[in-house]
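The values are calculated or read from the model by the stated rules, or taken from the named source; none is laboratory data. Just so it is clear, the structure is predicted and the values come from calculations on it, not from any experiment. Every residue, glycine among them, receives a Cβ derived from its backbone with ideal geometry; neighbour counts consider all protein chains shown.
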Amino acid sequence: MHFCYNENMLELNKIDHWRSNRLPFFLKAETGSTNADCRVYAEEYDGDFIFLAEKQNAGRGRRGRDFYSPDHGFYFSMCVNAVSGKEILYTLVCAVAAAEALEGCGQKTEIKWVNDLYQNGKKAAGILCEAIRSNEDFTLKKVIIGIGINVSEDPFPEELKDKAVRLGGIDRNRLAGLLSDALLKWLSAPEEEVLREYRHRSFLIGREVLYEINGREKSGRVTDINEKGNLVVLTEEGEDVLASGEISLKNWK
Ligand code: BTN
């Protein structure tokens, strides 16, 4: 049997078949960034909604990096009204939901703190959460949850070849439907449950890691992800509690 690519094109009616939520869902063949699309649309629409694109020309990653976003990929952003006090949880929720949705499509991944998904030691998906704040008092109004999953058949560029993995055989319509439901489910789940699931799916717990903190290189064994989403590392000198942004995780041993 010949593989027919068109059978696997993103289509709203097929996505709808796989989701039980009815959030507005915008599908684009090509865009700059689905996170940027959400930011623009949030100015005119106050509810929650989703953008999904086949290709991004200006895909954004964390720390101001670009996100490689070739055609026939999976670039998904959901914009949700923020629940104050739950800020720390967003990042954890996204990783858990994405891993669960991928599992529903036959692909097992693990969460590499803070919120990359890995398979066999290589990055399969990246997550970028962005805040929309009130102009008046700077309080958090909405969160844009952006998830990029490596499903495109285009070859990785040289700099990603050894670090990234492509997840094959995925029905992207199914993935989009399952992911939207999983995000809504985990966004309203109790914090302890999110944390339990996050720990369960963690790639780093129990592993030796190298990291840089206050300009010093250190190593230790990851023992936990605490209730603030911080990484707890046991070193010869005692325990380090690492918040994302304060450290750079260089590798695992
Ligand atoms: C990272 O790995 O640094 C995060 C990557 C996040 C990429 C996704 S793709 C959908 C959404 N739109 C973007 O421009 N970025 C996120």
Per the filter on region 45-88, residues assigned to a loop (DSSP other than H, G, I, E, B), among the basic types (K, R) and in contact with a strand residue (DSSP E or B) (Cβ under 8 Å, 6 or more places away or on another chain) are K55
Within region 107-121, residues being touching a Leu at 6+ places or on another chain (Cβ under 9 Å), within 24 Å of A243 (Cβ to Cβ) and not hydrophobic (A, V, I, L, M, F, W, C) number 4
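Restricting region 80-104 to residues that are of a type outside the set (A, V, I, L, M) and within 12 Å of the chain's Cα centre (by Cα), which is farthest from the ligand (Cβ to nearest atom)? Give the derivation first.
Step one: list which residues in region 80-104 are of a type outside the set (A, V, I, L, M), which gives 81, 84-87, 90-91, 94, 100, 103-104.
Imposing the further condition that a residue be within 12 Å of the chain's Cα centre (by Cα) reduces the set to 90-91, 94, 100.
Numbers: Y90: 14, T91: 11, C94: 10, E100: 18 Å.
That would be E100.
Among the residues of region 173-220, which ones are among the acidic types (D, E) and either surrounded by fewer than 20 Cβ atoms within 10 Å (Cβ to Cβ) or more than 17 Å from the chain's Cα centre (by Cα) (or both)?
Of all residues in region 173-220, those among the acidic types (D, E) come to 181, 191-193, 197, 208, 212, 217.
Scanning region 173-220 gives D181, E191, E192, E193, E208, E212, E217.
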Quick count over region 158-173, residues being touching a Lys or Arg at 6+ places or on another chain (Cβ under 8 Å) and within 15 Å of F25 (Cβ to Cβ), is 1
The one condition S77 fails out of (1) more than 9 Å from the ligand (Cβ to nearest atom); (2) among the polar types (S, T, N, Q); (3) within 17 Å of G126 (Cβ to Cβ) is (1)
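Listed residues G148, G177; which is within 15 Å of F49 (Cα to Cα) and either more than 16 Å from the ligand (Cβ to nearest atom) or touching a Gly at 6+ places or on another chain (Cβ under 6 Å) (or both)?
Working: G148 fails: within 15 Å of F49 (Cα to Cα).
Within the list G148, G177, the selection yields G177.
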Looking at region 3-13, can you tell me whether even one residue there is touching a residue at least 24 places away in the same chain (Cβ under 8 Å), surrounded by 20 or more Cβ atoms within 10 Å (Cβ to Cβ) and more than 24 Å from R201 (Cβ to Cβ)? no
Checked region 19-54 for anything more than 10 Å from the ligand (Cβ to nearest atom), without any contact (Cβ under 8 Å) to a residue 40 or more places away in the chain and not acidic (D, E); matches are R22, P24, F26, L27, K28, A29, V40, Y41, Y45, G47, F49
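What do you reckon, is Y68 within 12 Å of the ligand (Cβ to nearest atom) and modelled with pLDDT of 95 or more?
Details: within 12 Å of the ligand (Cβ to nearest atom): yes; modelled with pLDDT of 95 or more: yes.
Against the criterion (within 12 Å of the ligand (Cβ to nearest atom) and modelled with pLDDT of 95 or more), Y68 qualifies.
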